Amino acid sequence: MHTTKLRIPTSQQQQLDAAIMDGAHRSPAARPPAPPRSKMKVLLLVIATNLVSVYLFSGASLSLRLPAGAAAPSIHLWDSSALLRDLGATRAALAAARAEVAALRAQCNASSLLLESVLAGLGAAHGDKPAAADRGFNGWPEEPTGELRLATEPHRLPLGFSAKLGTDELHPGVGFACRNFQDELARYMAYDAGGECPDDADALELQLILKGCEPLPRRRCRPRSPARYVEPAPLPGSLWSIPPDTTVNWSPYACKNYTCLVGRARARGGGGGSYECKDCFDLAAGGKERRRWMSDNGGPGFSIDGVLASRAPGTVRLGLDIGGGAGTFAAQMRERGVTVVTTTLDVGAPFSAFVASRGLVPLQLSLAQRLPLADGVMDIVHAMQLGGWVPGAVLELALFDVYRVLRPGGVFWLDHFACHGPRLNATYAPILDRVGFRRLRWKASRKLDLGAERNEWYLSALLEKPLT
């Protein structure tokens, strides 16, 4: 607030001074009697003069001003010095508080830096890498480059947002576990775009799938075709004939022809070695592979005809064989008018190519991956490769997935499930019951091929998905 002072015009001030001087020098007798109007004027002037004097010489003329440079106006108070002291004390207290806050903030920053350094040291001691999400690589340990980046990053839709997809980007379907094996995946994706795929691509592909990197990213290279490729044999003869060796690229395998694969089944003793599905490729009439599922032994060995007879005629049309090896189950079902898709992995042998050469449908798929089928579409699912080697949680997820793809009234044929005896009733039977199957047939028997002391058992079961 600005100081306001009462100013008297100069002419009036002069009149006032003259009147005062005149009254002081005249004697009372010499003064003529003043008219009433003049007396009133003089009285008013005296009162005004006194008021001005009181105002000018009182403490109200003292000013309390803010520090130099402040924009606030002066404030006139009766006790400005005390207020100045209070304001100064308050300002000092605020300054001290600010200094204390700054000191606390500095201590917090120092503590955070110390904690980060300790955590980084612990991570280095355990061989951990910094979280990729913190570096903005979408979960990858290092930023993907080249073909790997092209195949894994989202791509904008040319026409913008799609109501059908609910997004304006298309995200490639790449298994999340692939981020744990970026070095191997980078080698798999190292090729000349538009050229031939490297010779070691098949081996890298299998390694990644077995580690859970599934599905793999797409590639822009062409797999090399076998030299002197021969057209496949026509159906139905192809179901039980061994295809020509020139239908396969043999570079990833120890055996370099089908003769070698068939010989593994017939070699006894030390020469046979340990292989996946050792008898699968021997399709000779009267051989073990040709006789599979042809008869019911009253134990865990069910027959295809017995299983089909338990269903209404013609209701089993589509099926899935999980871990179907060389496709013999699908071949047997094909002869009975049922179409079966066989899941395979080319572990030690070209299973997929062999199944396809027989005129059947191979599907390269690991047990850990969700079945690429819609809900409720299969009449029958057969599985012979499940067993106690599968972690319990993975097994339960796989069984719920089987339940999902079966239609109501469809059947799940669990074939020769091998496990340690005590776990059969303690672990695996409760898992099957939790899934919700209805038991149609349940057979358990001792597994003695590796010795009775191992206490291993087989379980075969025919399980139905309820209609409601």
I'd like to know if the range 223-239 contains one or more residues that are in contact (Cβ under 8 Å) with a residue 40 or more places away in the chain and closer than 20 Å to Leu345 by Cα. yes
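Does the range 381-396 contain any residue that is of a type in the set (Phe, Trp, Tyr) and open to solvent by 40 Å² or more (accessible area, probe 1.4 Å)?
Taking the range 381-396 first, the residues of a type in the set (Phe, Trp, Tyr) are 389.
Cutting the leftovers down to open to solvent by 40 Å² or more (accessible area, probe 1.4 Å) gives us 389.
Yes, the range 381-396 contains a residue that is of a type in the set (Phe, Trp, Tyr) and open to solvent by 40 Å² or more (accessible area, probe 1.4 Å).
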From (1) part of a loop (DSSP other than H, G, I, E, B); (2) surrounded by 16 or more Cβ atoms within 10 Å (Cβ to Cβ), pick out the condition that doesn't hold for Arg224. (2)
For Asp128, indicate whether it is closer than 30 Å to Pro154 by Cα, at pLDDT below 80, in a helix (DSSP H, G or I) and not assigned by the TED database to the domain that holds Arg179. no
Result of the Cβ filter at 8 Å on the range 457-468, keeping first residues that are open to solvent by 20 Å² or more (accessible area, probe 1.4 Å) and partners that are of a type in the set (A, V, I, L, M) and not in a strand (DSSP E or B), at least 6 apart or interchain, is Trp457/Leu424
Scanning the range 172-220 for residues that are in contact with a Phe, Trp or Tyr (Cβ under 8 Å, 6 or more places away or on another chain) and open to solvent by less than 20 Å² (accessible area, probe 1.4 Å), the one farthest from Val394 (Cα to Cα) turns out to be Cys197
Tell me which residues, restricted to the range 399-415, are surrounded by fewer than 20 Cβ atoms within 10 Å (Cβ to Cβ) and not aromatic (Phe, Trp, Tyr). Asp401, Arg404, Arg407, Pro408, Gly409
Could you tell me how many of the residues in the range 299-341 are modelled with pLDDT under 95 and either assigned to a strand (DSSP E or B) or hydroxyl-bearing (Ser, Thr, Tyr) (or both)? 1
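The values are calculated or read from the model by the stated rules, or taken from the named source; none is laboratory data. Note that the structure is predicted; figures quoted are calculated from it, not measured. Positions of Cβ are generated from backbone atoms using ideal geometry, with glycine treated the same way; all protein chains shown enter the neighbour counts. Each accessible area value is taken on the protein alone, full model and side chains, heavy atoms only, with ligands, DNA and RNA left out. Shrake-Rupley method; radii C 1.70, N 1.55, O 1.52, S 1.80 Å.
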